[in-house]
Structure formats: structure tokens, C-alpha cells
1. Is segment 110-117 home to any residue that is under 26 Å from PRO12 (Cα atoms), in a helix (DSSP H, G or I), open to solvent by 30 Å² or more (accessible area, probe 1.4 Å) and among the acidic types (Asp, Glu)?
2. Tell me, which residue of segment 45-63 that is β-branched (Val, Ile, Thr) and more than 9 Å from the chain's Cα centre (by Cα) is least open to solvent (accessible area, probe 1.4 Å)?
3. Being touching a residue at least 12 places away in the same chain (Cβ under 8 Å) and open to solvent by 80 Å² or more (accessible area, probe 1.4 Å) narrows it down to one residue among ASN71, ASN82; which is it?
Amino acid sequence: MGRNHHSDHDGPTQRQLRVAEVIRRRLAEVLSRAEVHDPELNAIPITVGAVIASPDLKIATALVLPLGGENRDEALTILRRNRVEIRRAVSKGLNLKFAPEIRFEIDETFDRMDATRRLFNSDDVRRDLDSDP
């Protein structure tokens, strides 16, 4: 191992990133194809912005946002209520050694993007940008 050994604060490994992306795509598929039979879940279009895999790949945290950004708490409640079925559906389509536990959190990056957009569109900032040579 020696010097090349990854420590936790190095950030995610290639394997973590790869597994996370595979899970993200499969989870998005499961949700968009209504593979879990819960009418409430299937009534809300949900975007899976990212998945973060734990270093041991046993936990996958999905960053999600309901379309339009409304009903976040409701969406989280419904996702969490269905997490066992969702995990089963996701792992069925993947050939991972074990099915990671899937946790759901709201994807806040969309909020930050909106805030940034609002900031850039504010008159003061636009004036500053326009007058920049």
C-alpha cells in the first residue's frame, strides 16, 4: 500500500464514483418507469441529481428533487417509505456484490444555482458586469 494508499480525506475513489453513477442512472430509471408500485411515488416526477457512495459502498445517498422543487418533504417521505422496494428494484438491474442501502436527501445544488442566477440578474450586478471593460 505505502504512499499511494487513499485516506478518507482524499475524496471519493474512482470505484466509488463509478458505482455512484451506475446507481444514479438505475435509480432514475426505476423512478421514471414507475417500477415501484406506489401511486403517490409515481405521481411525482423526481430528478436524481447525484448519488454519493460511502467508501465501503454499503450506503448510497441519493440527492433528489421533485420536478419544480415543490413538495420536497412529501417527496422525501414517500421515497423513504418505499426505500426497501426501491433498493430491491435498483439492485435487480445492477450486478453489484451487494445492494447498497439507499438514503434520500434533497439536492440543494438546484437552490444554489437559482440563487446564483437571481444574483446575476439583479440590476446592480448586471450594471457592474456591463461596465466591465
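1. The initial filter retains those residues of segment 110-117 that are under 26 Å from PRO12 (Cα atoms), namely 110-113.
From what is left, the residues that are in a helix (DSSP H, G or I) are 110-113.
Going one step further and asking which of them are open to solvent by 30 Å² or more (accessible area, probe 1.4 Å), we end up with 110-113.
Still in the running and among the acidic types (Asp, Glu): 111.
Checked segment 110-117: at least one residue is under 26 Å from PRO12 (Cα atoms), in a helix (DSSP H, G or I), open to solvent by 30 Å² or more (accessible area, probe 1.4 Å) and among the acidic types (Asp, Glu).
2. Applying the filter and picking the extreme gives ILE46.
3. ASN71
The values are calculated or read from the model by the stated rules, or taken from the named source; none is laboratory data. What you see is a predicted model, and the numbers here were worked out from it, not measured in a lab. Because the Cβ atoms are built from the backbone with ideal geometry, glycine has one as well, and the counts that use them run over all protein chains shown. The protein model used for the area step is the full one, side chains on, heavy atoms only, and it has no ligands, DNA or RNA in it. Shrake-Rupley method; radii C 1.70, N 1.55, O 1.52, S 1.80 Å.
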